[in-house]
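The values are calculated or read from the model by the stated rules, or taken from the named source; none is laboratory data. It should be emphasised that the depicted structure is a prediction, and the values quoted were computed from it without experimental measurement. Positions of Cβ are backbone-derived with ideal geometry, glycine not excepted, and every protein chain shown enters the neighbour counts.
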Amino acid sequence: MTEFDPPLQDMRFTLDAIAGVDRLFKLPIYRDISQDLTNSILEEAGRLARDVMAPANRPGDRQGARLLDGEVSTPEGYCKAYQSYVEGNWNSLPFDPDYGGQGLPWVLAVAIQELFSSANMSLGLCPLLTQSAIELIQAHGSESQKHAFLPPLIAGHWTGTMTMTEPQAGSDVGAIRTRAVRDENSYRLFGQKIFISYGDHDLAENILHMVLARTDDAPTGSKGLSLFIVPKWLPREDGTLGEKNDVRCTSLEHKLGIHGSPTCAMAYGDRDGAVAYLVGEENRGMEYMFTMMNSARLGIGAQGVGVAERAYQQARRFAFERVQGKRVGDQGDGAPVAIIHHPDVRRMLMTMKATTEAARALVYYTATAIDLSRNLPDRTAREDSRINTLDLLTPVAKAWASDAACRVTSLGIQVHGGMGYIEETGAAQHFRDARITPIYEGTNGIQAFDLIRRKIMRHQGRPAWAFLHKVRETTKVMDKERGEDLNVIRRSLEEACEAFEQATDWLVDTWNERPLEAAAGATPYLNLLGTLAGGWLLAEGARKSAAISARNDAEDSENSYYFSKLRTARFFADNILPASEAYAAAAIRGSAAITDIPEDFFC
């Protein structure tokens, strides 16, 4: 496996020119933050990712997490890397200074999640979940819970988990059976959970489980779930750790990928019951858990970008080193050339590059909406940013970026040819690691249904129309700009906008009368929106790159970079964005072939 080179130039460009973080610097809460500061933070994070986290990635895949005598150990190098992460205060970046946070923008924290996922996806998953748990407690915990739990979580001394899944209750959380019994000032939990990432480990001194459970008198289904904080070690009033709670890891899952991340089966209440602290009110647990889930979903999108970037870097390097075959058009005894000269290899590499950069732009643009929706001075503007950008694009960022990661890492294997299928090169690890991202934090089919039901049709289609308006504003501006590449990009965007408009018209007209038919088209509709969003954001980057190059005020290396941004957007417009029309057709016409087939057809 090749070394990891943090893509800092593209990250900075995406933050500045596409996500528009300069808008944040104008807000009072971020008045002390500058572009120079964010660049310095990215550089330091890049060093940690490259020099400390990345070297533990390959050994961690081979060794995996281990369970011995009831104790879980992470692979060699993980504890040292995590300690460096804690000592650098990286976990605290976006959180409230009153509890030990640094109060920096969330979009910067998401960009750093990408870096750490690129370097070591298995290890980067642990702080990603911890930050999501912090969000949950910050939003819904009591004052005493915030003061007791937030400082050690924000510092990284404690970690957090999302604890929902049970053997009989995967995506159907309403089938959860874990019981919560009232016990004076707390509760006692009894039940089994599975697929709990970092449910137990040796990285931190304590673990807080965010557990969905059901009180004895609760209603059936998801409306009867409550949310509890269950510590591994019970904290005393002075904050020190006391006795071990009635919680244990019973086994570790043997997974396709992310071997270094311990995925645990957990038992709560083998003896007297696990001491648990209710968050908020009973029977509102699923509502609270969505805060953690939405934070994690955007983090999974960043994971997808990270692992895609790592696969692209390795495939690109291999393509320059691997010599095989003559250049197309060479006559006679032409010498063999590196495979980078072969057209289909170049096509694959450009697909990897363009897809990864589009996914990065989508994730950063969505993350910027977190900061705007919380901190814009005008309430209407905050609501617009939340409903029409953050809520709309979060399921798209999670699903489209994670699906993109699977495509990109698969192409990475293909570029390597037969060597890609051999574990020795490490190319296969990226694909194996990426394959979980479309599954956890809600499968991508769930993301698609959430998109059309909660994010679009709850508002009678308005968020989709608002998004389409933004894209068309860009095409109007581009109509006045010169350059063949920009003209081609604009025309492709206009065609994709037409496809999205048709699909959205159909969705709005169909949803109330034929919801099953609309749901059958949800995934192609999400893919349509993700593809359009990726093409639009790359187009914005291409416009700004062309303007900078035209001013001739950049160094040669920078001009080369800006030219690459223009050509990458052109490639996306020519080779990927045209799929928008196919996605629209599948969303509109494809449902009958899904809903009209009887179940025995599959027998």
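Annotations for the structure displayed:
- Any chance GLU424 is in the same structural domain as ALA584 (by TED's automatic domain parsing) and surrounded by fewer than 18 Cβ atoms within 10 Å (Cβ to Cβ): no
- Those helices (runs of 4 or more DSSP H) lying entirely in the range 493-603 with at least 3 residues of a type in the set (Lys, Arg): 522-551, 556-575
- ALA180 meets all of the listed conditions (1) out of contact with any Gly (no Cβ under 8 Å at 6 or more places or on another chain); (2) within 30 Å of TYR99 (Cα to Cα); (3) surrounded by fewer than 20 Cβ atoms within 10 Å (Cβ to Cβ) but one, namely (3).
- Applying a threshold of 8 Å to beta carbon distances and a minimum spacing of six or more residues, or different chains, the list of pairs starting in the range 293-322 at a residue that is surrounded by fewer than 23 Cβ atoms within 10 Å (Cβ to Cβ) and in a helix (DSSP H, G or I) and ending at one that is at pLDDT 95 or above and of a type in the set (Phe, Trp, Tyr) reads GLN313/PHE4.
- Restricting ALA111, ALA49, ALA17 to residues that are in the same structural domain as GLY141 (by TED's automatic domain parsing), in contact with a Gly (Cβ under 7 Å, 6 or more places away or on another chain) and more than 30 Å from MET266 (Cα to Cα) narrows the list to ALA17.
- Selection of the range 153-169 for residues being touching a residue at least 12 places away in the same chain (Cβ under 8 Å), closer than 13 Å to LYS193 by Cβ and of a type outside the set (A, V, I, L, M) yields THR161, THR163, THR165, GLU166, PRO167.
- Residue check, GLY445 touching a His at 6+ places or on another chain (Cβ under 8 Å) and either assigned to a helix (DSSP H, G or I) or surrounded by fewer than 22 Cβ atoms within 10 Å (Cβ to Cβ) (or both): no
- Subset of the range 172-207 (residues that are in contact with a helix residue (DSSP H, G or I) (Cβ under 6 Å, 6 or more places away or on another chain) and within 20 Å of ALA218 (Cα to Cα)): VAL173, GLY174
- Residue within the range 266-276 that is outside the structural domain of GLN63 (by TED's automatic domain parsing), touching a Leu at 6+ places or on another chain (Cβ under 7 Å) and on the phi > 0 side of the Ramachandran plot present: yes
- Any hit, the range 349-366, residues being without any contact (Cβ under 8 Å) to a residue 40 or more places away in the chain and touching a Ser or Thr at 6+ places or on another chain (Cβ under 9 Å): no
- Candidate set: the range 487-522, residues that are charged (D, E, K, R) and within 30 Å of ARG567 (Cα to Cα); chosen: the one surrounded by the most Cβ atoms within 10 Å (Cβ to Cβ): ARG490
- Among the residues listed as GLU441, GLU423, GLU383, the single one being over 25 Å from ARG570 (Cβ atoms), within 14 Å of the chain's Cα centre (by Cα) and not hydroxyl-bearing (Ser, Thr, Tyr): GLU441
- Qualifying position, being under 30 Å from ALA367 (Cα atoms), touching a strand residue (DSSP E or B) at 6+ places or on another chain (Cβ under 9 Å), buried (at least 21 other Cβ atoms within 10 Å of the Cβ) and of a type in the set (Phe, Trp, Tyr), among TYR268, TYR288: TYR288
- Per the listing VAL508, VAL488, the residue uniquely of a type in the set (Val, Ile, Thr) and under 30 Å from ALA550 (Cβ atoms) is VAL488.
- Just so you know, in the range 455-467 the residues that are closer than 19 Å to GLU287 by Cβ and in contact (Cβ under 8 Å) with a residue 24 or more places away in the chain include one that is farthest from the chain's Cα centre (by Cα), and it is HIS459.
- Answer residue from the range 95-133, given it is farther than 13 Å from TYR364 by Cα and aromatic (Phe, Trp, Tyr) and is surrounded by the fewest Cβ atoms within 10 Å (Cβ to Cβ) among those: TYR99
- Odd one out for GLY46 among (1) buried (at least 20 other Cβ atoms within 10 Å of the Cβ); (2) over 21 Å from the mean Cα position of the chain (by Cα); (3) assigned to a helix (DSSP H, G or I): (2)
- From the list ILE387, ILE370, the lone residue that is closer than 28 Å to GLY103 by Cα, modelled with pLDDT of 95 or more and touching a Phe, Trp or Tyr at 6+ places or on another chain (Cβ under 6 Å) is ILE370.
- Against the numbered list (1) farther than 14 Å from LEU411 by Cβ; (2) out of contact with any strand residue (DSSP E or B) (no Cβ under 8 Å at 6 or more places or on another chain), ARG346 comes up short only at (1).
- Of all the residues in the range 395-409, those that are touching a Lys or Arg at 6+ places or on another chain (Cβ under 7 Å) and closer than 30 Å to ARG316 by Cβ number 2.
- Test: residue in the range 61-72 that is at positive phi, charged (D, E, K, R), outside the structural domain of LYS470 (by TED's automatic domain parsing) and not in a helix (DSSP H, G or I): yes
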